[in-house]
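Here is the structure we will look at.
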Amino acid sequence: MDLSASVLAVDAGNSKTDVAVVTADGKVLATARGGAFRPPAVGVERAVDALADAVTRAFAAAGVTSVEHVSACLANADLPVEEEQLAAALHARAWGGSVEVRNDTFAVLRAGVAEPLGVAVVCGAGVNCVGMRPDGRTARFPAIGRISGDWGGGWGLAEEALWHAARAEDGRGEPTELARTLPAHFGLDSMYALIEALHLRRVEPVRRHELTPVLFATAADGDPL
């Protein structure tokens, strides 16, 4: 394969990462899936280390050792300075001759429109949004949690569910089946046990993401709260 006509495409999220090696005309040569990409929690280098495993496997399957260009759309690349830091970290790995890093909202935008005009919204672990005009101008907001006005991502919903369930168990709040279903997801019998397990990291903090589907299921079963 002509390496000058190849691209490493990276879509990294809070819960999983997908990478693909493609040719300039869009032919997919190889793909691989990796784990979570969370530089705010583990640091830039460790986060990029997590990408490296998937990239190595994709390169091996494609029969290449590098590509011409790396296009990476990354969750948690919420500010321009973060995009610059992550681009430098990816460039240092020498996976490609050039590197471009964008927030993952740009991947959604590109997938949904045929021209650079539109608005894309992500609701995953967090929420984010980008708008783009044909002249290249974009509109974004910081998207770094409650301090930037965000609400409604999976992480936030899990936090709200835990808050209400804890208060239901000890009588400070309204009754809700969440007091049973949330700890049961981890094989525990009470919110007290779950709070202790999360606080002492017997249940890793990243696993709080798993509670949002439990919240949805509890709601679907008719829980008023």
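Here are the numbers for the structure shown:
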| quantity | calculated |
| --- | --- |
| Amide H within-cut-off set for ASN14, under 5 Å, with H built and near neighbours excluded | PHE37, ALA125 |
| Linear extension gain, LEU117 paired with ASP170, 0.36 nm per residue minus alpha-carbon span | 14.0 nm |
| Accessible-area ranking of TRP155, TRP95, TRP163, largest first, probe 1.4 Å | TRP163, TRP155, TRP95 |
| Difference of contour (0.36 nm per residue) and Cα-Cα distance, SER98 to THR56 | 13.4 nm |
| Cα gyration tensor category, rounded, prolate or oblate, for region 1-124 with a/c compared to 1.5 | oblate |
| Mean residue ellipticity (222 nm) of the chain, computed from DSSP H runs ≥ 4 via -39,500 (n - 2.57), nearest 500 | -12000 deg cm²/dmol |
| Residue-span extension gain [HIS185 to PHE216] - 0.36 nm each, minus C-alpha spacing | 9.9 nm |
| Radius ratio Rg over Rh of the chain, counting only Cα atoms, Kirkwood formula for Rh | 1.05 |
| Accessible surface of the chain [probe 1.4 Å, protein heavy atoms]: carbon and sulfur percent | 55 percent |
| Between region 193-225 and region 37-72, the alpha-carbon center distance in angstrom | 30 Å |
| Kirkwood Rh, angstrom, region 153-221 [1 / mean 1/r, Cα pairs] | 11.7 Å |
| Net charge, GLY173 excluded, C-beta distance under 12 Å - Lys, Arg +1, Asp, Glu -1 | -2 |
| Residues with amide H under 5 Å from that of VAL122, placed H, sequence gap 5 or more | ASN128, CYS129 |
| Summed residue charge, Cβ within 15 Å of VAL206's Cβ, Lys/Arg positive, Asp/Glu negative | +4 |
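The values are calculated or read from the model by the stated rules, or taken from the named source; none is laboratory data. This is a predicted model, so every value here is computed, not measured. Cβ coordinates were reconstructed from backbone atoms using ideal geometry, including for glycine residues, and neighbour counts include every protein chain displayed. Heads up: the accessible areas ignore ligands, DNA and RNA and are worked out on the full protein's heavy atoms, side chains in. Shrake-Rupley method; radii C 1.70, N 1.55, O 1.52, S 1.80 Å.
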